[in-house]
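The values are calculated or read from the model by the stated rules, or taken from the named source; none is laboratory data. If you're wondering where the values come from, they're calculated on a predicted model, not measured in any experiment. Counting neighbours? That spans all protein chains shown, and the Cβs are built from the backbone with ideal geometry, glycine included.
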Amino acid sequence: MTEPTSDPGSLSRSKGPPLNQYDPAVGDPAPPFDPLRLCVFTTVAVIACLLGPVAVLAFALIAIAGYARARRAGLMRSRCRLGDTRVVLTYLTVVAAASAVAIPFWVMLWMRMLAV
């Protein structure tokens, strides 16, 4: 019979393989989730909050240019939820027009808020 030791590491050394070492039988761990998209979405939301319809118009115009270019290059279906690039372009055009109409009202709102 062995006597108990006061060293807490002695038990782990006496049983099984050493801890914290690579085991080829298990394989590589899955890479950790990278929340980059969440950071990008947050940044876009902050810009839209600060610049309002001006930012929406700018993003919509950039997206229209990108989708028009992609459509001319042969892209007919997008990974966008809307699918067909014609529908996506129509949606982006409506958003751009609505934000262009909203800009004067947004400016008047800020002028009224800052005049107080």
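Somewhere in region 96-104, is a residue aliphatic (A, V, I, L, M) and under 23 Å from the mean Cα position of the chain (by Cα)? Can you show your working first?
First, the residues of region 96-104 that are aliphatic (A, V, I, L, M): 96-98, 100-103.
Of the ones still in play, those that are also under 23 Å from the mean Cα position of the chain (by Cα) are 96.
The answer is yes, given that some residue of region 96-104 is aliphatic (A, V, I, L, M) and under 23 Å from the mean Cα position of the chain (by Cα).
Name the residues in region 36-76 that are outside any helix (DSSP H, G or I) and either surrounded by 10 or more Cβ atoms within 10 Å (Cβ to Cβ) or in contact (Cβ under 8 Å) with a residue 40 or more places away in the chain (or both), would you? Let's see the steps before the verdict.
Taking region 36-76 as the starting set, the residues that turn out to be outside any helix (DSSP H, G or I) are 52, 73-76.
Of everything in region 36-76, those that are outside any helix (DSSP H, G or I) and either surrounded by 10 or more Cβ atoms within 10 Å (Cβ to Cβ) or in contact (Cβ under 8 Å) with a residue 40 or more places away in the chain (or both) turn out to be Gly52, Leu75, Met76.
Please specify each residue of region 47-92 satisfying the condition of being among the polar types (S, T, N, Q) and closer than 30 Å to Phe105 by Cα.
Restricting attention to region 47-92, the residues satisfying the condition of being among the polar types (S, T, N, Q) are 78, 85, 90.
The answer is Thr90, and nothing else.
Out of the residues in region 79-98 that are in a loop (DSSP other than H, G, I, E, B) and closer than 21 Å to Leu57 by Cβ, state the one that is modelled with the highest pLDDT. Write out each step before concluding.
Here is the first cut: in region 79-98, the ones in a loop (DSSP other than H, G, I, E, B) are 79-83.
Okay, now just the ones that are also closer than 21 Å to Leu57 by Cβ, so 80, 82.
On the way: Cys80: 84, Leu82: 88.
That would be Leu82.
Going by the structure shown, is Leu57 in contact with a helix residue (DSSP H, G or I) (Cβ under 7 Å, 6 or more places away or on another chain) and under 22 Å from Val40 (Cβ atoms)? Full working, then the answer.
On the way: in contact with a helix residue (DSSP H, G or I) (Cβ under 7 Å, 6 or more places away or on another chain): yes; under 22 Å from Val40 (Cβ atoms): yes.
Against the criterion (in contact with a helix residue (DSSP H, G or I) (Cβ under 7 Å, 6 or more places away or on another chain) and under 22 Å from Val40 (Cβ atoms)), Leu57 qualifies.
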